[in-house]
Amino acid sequence: MARLLLTLFLTALATRAADCFTPGEIWPDDKGVHINAHGGGVLFHEGRYYWFGEHKISGRGGNSAQVGVSCYSSQDLYNWKDEGIALAVEDSARSEIRKGCIIERPKVVYNAKTKRFVMWFHLEHYGKGYGTARAAVAVAEKVTGPYRFYQSHRPNKGEWPIGYDPDTVKDDKVSLLKRDHSKGQMSRDMTIFVDDDGRAYHIGSAEENYTLHISLLTDDYLRFTGKFVRIFPGGHNEAPAICKHDGRYWLIASGCTGWDPNEARSYVADSMAGPWKPLGNPCMGPNPRGGHGPEKTWGGQSTFLLPVHGRPGAFIAMFDVWRPRDPIDGRYLWLPVCFEDGRIRVTFPETWRIEDLDALANSVGE
Ligand code: DGJ
């Protein structure tokens, strides 16, 4: 009896409603289980937020896709309901999403014209390490899925970036761009951004992770149009996350050090086509839990800039703290964003609430 009461008490404790973010800690879902949605992104649809991310399992093998892409939903951003597996890996050796392949950084957007939910993700075929470097698409009629695999791409095959003429541009950083021109560009870490005019863009690490490409998608969001630009050739940017604020586009990215943390960087532009101006490390202030400081993104790596619905100008910066030896234990840093002196800033409060965003913004730089 005593044991039953203790179990009930612990379950109640684990599943009690949260009313704030506690970045870096275990984040229980509605069943009291640590949320399993790494490298994720969030879609707001009809009054609810939907968080999609990589489902990981314990142990080294958990870094590849053994299950698929998870989905959680929430109304308040603190409490998340497990909606199950939105995109499941397949057992067939002929499938592009064969169990054991690599599926990373899934992002879901809604296409108002086709009324379909479109999931994009970084795909590496089974047994090929990170050599495939493809951008893949799955679609669903219902936000929580099931998503059906549609197609994978090497982006912008046979196309040159906007304004680039291979015969006249003198630049020593185009050898990889040229190498991949005929077979399609590489695409590893990625995100998707839908602008106010409904146009969607794929932002991905290309050219062996040396250069980010921003590519316009077709109206149905399923394919590349062939229109793309490069950001900072040779800049080694991964983990892109993007938002729009005050009519400008803000991008946070990381350097390339595998699962290990490095210094984040940020950029701003008046147009998705650039030019993109570098703004340096957006992370400011100490790590209240000890460990890595802002010069190492507090141990995290960017994945998404989440607009808070109904609060114009309010954004949450989502980072992953990877645990490659036990990936299921990876943690999440959801941190407040503010814009100040023409820069985007992120700080790490020990706990915080969405209502605190304005006060936190005002205290930056004090
Ligand atoms: C860093 C990327 O951002 C992650 O998504 C993952 O691909 C790791 N590299 C693998 O080392």
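Got a number for residues in segment 282-293 being open to solvent by 30 Å² or more (accessible area, probe 1.4 Å) and within 20 Å of the chain's Cα centre (by Cα)?
Number of matching residues: 0.
Applying the criterion of being small (Gly, Ala, Ser) and open to solvent by less than 20 Å² (accessible area, probe 1.4 Å) to the residues of segment 184-200, the residue that is nearest to ASP270 (Cα to Cα) is ALA200.
Spot the failing condition for SER187; the list is (1) without any contact (Cβ under 8 Å) to a residue 12 or more places away in the chain; (2) within 16 Å of the ligand (Cβ to nearest atom); (3) polar (S, T, N, Q), and only one is missed. All conditions pass for SER187, except number (1).
Out of segment 255-272, which residues are open to solvent by 20 Å² or more (accessible area, probe 1.4 Å), farther than 16 Å from PHE193 by Cα and away from the ligand (no atom under 11 Å from the Cβ)? The answer is GLU263, ARG265. Considered as a group, the residues in segment 169-184 that are assigned to a loop (DSSP other than H, G, I, E, B) and among the small types (Gly, Ala, Ser) include one that is farthest from ARG230 (Cα to Cα), and that residue is SER182. Candidates in segment 232-248 are the residues that are away from the ligand (no atom under 16 Å from the Cβ) and in contact (Cβ under 8 Å) with a residue 40 or more places away in the chain; of these, the one that is nearest to TRP298 (Cα to Cα) is CYS243.
Can LYS31 be described as open to solvent by less than 50 Å² (accessible area, probe 1.4 Å), of a type in the set (Lys, Arg) and not in a strand (DSSP E or B)? Outline the logic, then answer.
Details: open to solvent by less than 50 Å² (accessible area, probe 1.4 Å): no; of a type in the set (Lys, Arg): yes; not in a strand (DSSP E or B): yes.
Here the answer is no, as LYS31 does not meet what is asked.
If you go through segment 59-77 and keep only what is open to solvent by 20 Å² or more (accessible area, probe 1.4 Å) and either of a type in the set (S, T, N, Q) or at pLDDT 95 or above (or both), you end up with ASN63, SER64, GLN66, VAL67, GLN75, ASP76. Residue-level check: of (1) more than 16 Å from the ligand (Cβ to nearest atom); (2) buried (at least 18 other Cβ atoms within 10 Å of the Cβ), LYS56 misses just (1). Considering segment 149-183, the residues that are open to solvent by 90 Å² or more (accessible area, probe 1.4 Å) and in contact with a Gly (Cβ under 6 Å, 6 or more places away or on another chain) include one that is modelled with the lowest pLDDT, namely LYS173. Among the residues of segment 314-351, those identified as open to solvent by less than 30 Å² (accessible area, probe 1.4 Å) and either modelled with pLDDT under 95 or aliphatic (A, V, I, L, M) (or both) are ALA314, ILE316, ALA317, MET318, VAL321, LEU333, LEU335, VAL337, ILE344, VAL346.
Filtering segment 294-304 down to residues that are in a helix (DSSP H, G or I) and open to solvent by less than 60 Å² (accessible area, probe 1.4 Å), which residue is farthest from the ligand (Cβ to nearest atom)?
Looking at residues that are in a helix (DSSP H, G or I) and open to solvent by less than 60 Å² (accessible area, probe 1.4 Å), I get PRO294.
Of all the listed residues (ILE252, ILE203), the sole one being within 16 Å of the ligand (Cβ to nearest atom) and either of a type in the set (Phe, Trp, Tyr) or in contact (Cβ under 8 Å) with a residue 60 or more places away in the chain (or both) is ILE252. Considering segment 91-131, and only residues there that are of a type in the set (S, T, N, Q) and under 21 Å from TYR201 (Cα atoms), the residue that is farthest from the ligand (Cβ to nearest atom) turns out to be THR114.
Within segment 322-334, the set of residues being in contact with a helix residue (DSSP H, G or I) (Cβ under 8 Å, 6 or more places away or on another chain) and either part of a strand (DSSP E or B) or more than 15 Å from GLY40 (Cβ to Cβ) (or both) comprises ARG323, PRO324, ARG325, ASP326, LEU333. With the structure loaded, tell me whether PHE319 is part of a strand (DSSP E or B) and closer than 21 Å to VAL194 by Cβ or whether it fails that test. Taking the combined requirement at face value, the residue does not satisfy it. Residue-level check: of (1) open to solvent by less than 10 Å² (accessible area, probe 1.4 Å); (2) out of contact with any Leu (no Cβ under 7 Å at 6 or more places or on another chain); (3) farther than 15 Å from ALA206 by Cβ, ALA138 misses just (2). The residues listed here are ASP197, ASP260; of these, the one that is within 22 Å of ALA314 (Cα to Cα) and part of a loop (DSSP other than H, G, I, E, B) is ASP197.
The values are calculated or read from the model by the stated rules, or taken from the named source; none is laboratory data. Computed from a prediction, not measured in an experiment: that's the story for all the values here. Counting neighbours? That spans all protein chains shown, and the Cβs are built from the backbone with ideal geometry, glycine included. Note: areas computed on protein heavy atoms with side chains; ligands, DNA, RNA excluded. Shrake-Rupley method; radii C 1.70, N 1.55, O 1.52, S 1.80 Å.
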